[in-house]
Amino acid sequence: MTGTERAAHLSRAIESAIAAAPNADSAMKQTVALLKDGVPRYTWVGIYLLDGNELVLGPYVGKPSPHSRIPLGRGICGAAAAEKATIVVDDVNADPRYLACSIETRSEIVVPIMQGANVLGEIDIDSDRPAAFGRPDRELLEPIASLLAERLSED
Ligand code: SME
């Protein structure tokens, strides 16, 4: 299988899991597990949910993070929520916004989960490889964020 085929296969598996999940919490848990298992360069995969002015860590796979609550505007996570746009950081150590989760982390992608103009949360993925994220990751993750937004809005 090519990388594109693998991504399409993973994307279909996650779409099915989100659709079949009994509730949003289960949909989020299955999504982080499938992403972590499906893409070896994804070292840490988690979902933050917006609660007032803070992002609160929900389901994740990887080492425990010291950042279980992140105020809006802090960190790369807070920046993505404030900008309402995906942020890719090729070298986290060169980005002054970065809040360290693990010393091994080298790059990060944060994809907001949006319902219309409202941020519900975000998918946050770290990699131990520098510059691990690019267009294929956005193309995989942004539609998944939209599907999660639908499930989160239902509950
Ligand atoms: N690196 C994030 C904090 C969350 S940990 O990566 C899990 C940030 O800068 O917002």
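Just checking the listed ones, ALA81, ALA132, ALA19: in the Gaussian network model of the chain with Cα springs under 10 Å, the one fluctuating most is ALA19.
Quote to one decimal, in nm, the extra length available between ALA19 and GLU154 on full extension: 0.36 nm per residue of separation minus the C-alpha distance between them. Before the final figure, lay out each step's value.
On the way: separation 135, 0.36 × 135 = 48.60 nm, distance 1.20 nm.
Between ALA19 and GLU154, full extension yields 47.4 nm more.
When Rg and Dmax are taken over the Cα atoms of region 47-123, they come to 11.6, 35 Å. Panel note: the C-alpha atoms of region 1-80, placed on their principal axes, show extents of 41, 29, 21 Å (largest first).
If the chain between ARG41 and THR4 were fully stretched, how many nm would it gain, using 0.36 nm times the residue separation less the Cα-Cα distance?
Numbers: separation 37, 0.36 × 37 = 13.32 nm, distance 1.51 nm.
Stretched out fully, the ARG41 to THR4 stretch lengthens by 11.8 nm.
From the convex hull of the Cα coordinates of the chain, what is the mean projected area in square nanometres?
Numbers: hull surface 33.2 nm².
Answer in nm², one decimal: 8.3.
Projected label points at GLN115 and ARG138, each 7 Å from Cα along the beta carbon direction, are separated by 2.6 nanometres. Solvent-accessible area per residue in the chain equals 49 Å², computed with a 1.4 angstrom probe and all protein chains kept.
Computed extension length for ILE103-ALA82: 5.0 nm, one decimal, from 0.36 nm per residue of separation with the Cα-Cα distance subtracted. Scattering from region 1-46 was approximated by placing one identical point on each alpha carbon and applying the Debye formula without solvent; log10 I(q)/I(0) at 0.19, 0.21, 0.26 1/Å stands at -0.58, -0.68, -0.93.
The values are calculated or read from the model by the stated rules, or taken from the named source; none is laboratory data. Remember, predicted model here, so these are calculated numbers, not experimental data. Using ideal geometry, Cβ is built from the backbone for each residue, glycine included, and neighbour counts are taken over all protein chains shown. Surface accessibility is based on the protein's heavy atoms, side chains included, excluding ligands, DNA and RNA. Shrake-Rupley method; radii C 1.70, N 1.55, O 1.52, S 1.80 Å.
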